[in-house]
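Scroll down for the structure; my scribbles are underneath it.
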């Protein structure tokens, strides 16, 4: 995604309109030119790549577009590595030790370094040549990292990723987002809800499979403190939404107060006819780090209870729950596990209200100890569910203990 300084947006009344590039000439020609610079820079230090991009940028007025396209390639299609015969820090230590034994001469510093590299090469029995030592001294600096792999995209692909990134940037300052997912294939809903969980978004889901769902997502601007990470996770959700057949989106934003005539209210809308292209694969299963770690620990636990990731939607009056896991015993017993990790009061109240409405007696709530339930006006003993508290990770033995109790 693009950093804030490369986002290009304008106001149409209160509506924010992000910058978009048409996937046709001359934009495709510009994309091809930038891709070519990356392609010819493979195997070279990053500063060589940056010099090529700087030359292309010149003094043109569309420098932000060029930098944006290059940023996407840099962060989404490239692998940079530190290339050095020894760890650069260790290499510098060895050279500085040699320098202490060889007082500086009238020669310039570059000659001195080269001379020391030659001495070190001799000490290493010429297993490492002095030019490699010379190049590796500061190989851990960002500008000296080497472009070892470039996954060359088509120019159209780069343009689509740029347009998507410009729209994603709007969500960095969202107060809330309301998504109407119209009647679609049930599997699309399930995948969409999985992404909500993957990115840890605070979402309230209302509706049913037959008529569609309304999904309200808290934005980073609604939290008690600014959260760059949460804003980024919200932006990452957009490509998942693009894989749903029919939907519409309305977002309330925190406006940028750059000029006196900047509107005090900012809005953004989007729907399934937006022509944005997702780079997420359909049907691919994702898990959060917390869930993945828990599943890994469960596999090492000696128990007859089987942990399933494929969990059916749990209908509740006027809404639906998407449990994180299902626990199944050979004797037929089963439980669903829901992880509660965020602590915004309104979110907690709605989450626990959902559990109460479900009427299900086989729900286990794994609740982070960081949550201020009292401050949110939530009483755990009023929730008809088994509760497991966790700090940084969920322990399988704690889940089993609650089930067996």
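The values are calculated or read from the model by the stated rules, or taken from the named source; none is laboratory data. Computed from a prediction, not measured in an experiment: that's the story for all the values here. Positions of Cβ are backbone-derived with ideal geometry, glycine not excepted, and every protein chain shown enters the neighbour counts.
See the values below:
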quantity: Criterion: modelled with pLDDT under 90 and assigned to a strand (DSSP E or B) - qualifying residue of 204, 230; calculated: 204
quantity: The listed residue being part of a loop (DSSP other than H, G, I, E, B) and touching a residue at least 24 places away in the same chain (Cβ under 8 Å), out of 49, 69, 30, 21; calculated: 21
quantity: Residue satisfying all of: in segment 247-279; in contact with a strand residue (DSSP E or B) (Cβ under 7 Å, 6 or more places away or on another chain) and assigned to a loop (DSSP other than H, G, I, E, B); modelled with the lowest pLDDT among these; calculated: 263
quantity: Evaluation of residue 2 against (1) in a helix (DSSP H, G or I); (2) within 21 Å of residue 279 (Cα to Cα) (one fails), failing number; calculated: (1)
quantity: Residue list for segment 5-18, filter: under 19 Å from residue 64 (Cβ atoms) and either part of a helix (DSSP H, G or I) or in contact with a strand residue (DSSP E or B) (Cβ under 6 Å, 6 or more places away or on another chain) (or both); calculated: 5, 6, 9, 10, 16, 17, 18
quantity: Residue among 178, 159, 217 that alone is at pLDDT 90 or above, outside any loop (DSSP other than H, G, I, E, B) and surrounded by fewer than 21 Cβ atoms within 10 Å (Cβ to Cβ); calculated: 178
quantity: Which listed residue is under 15 Å from residue 197 (Cα atoms) and modelled with pLDDT of 75 or more, from 323, 317; calculated: 323
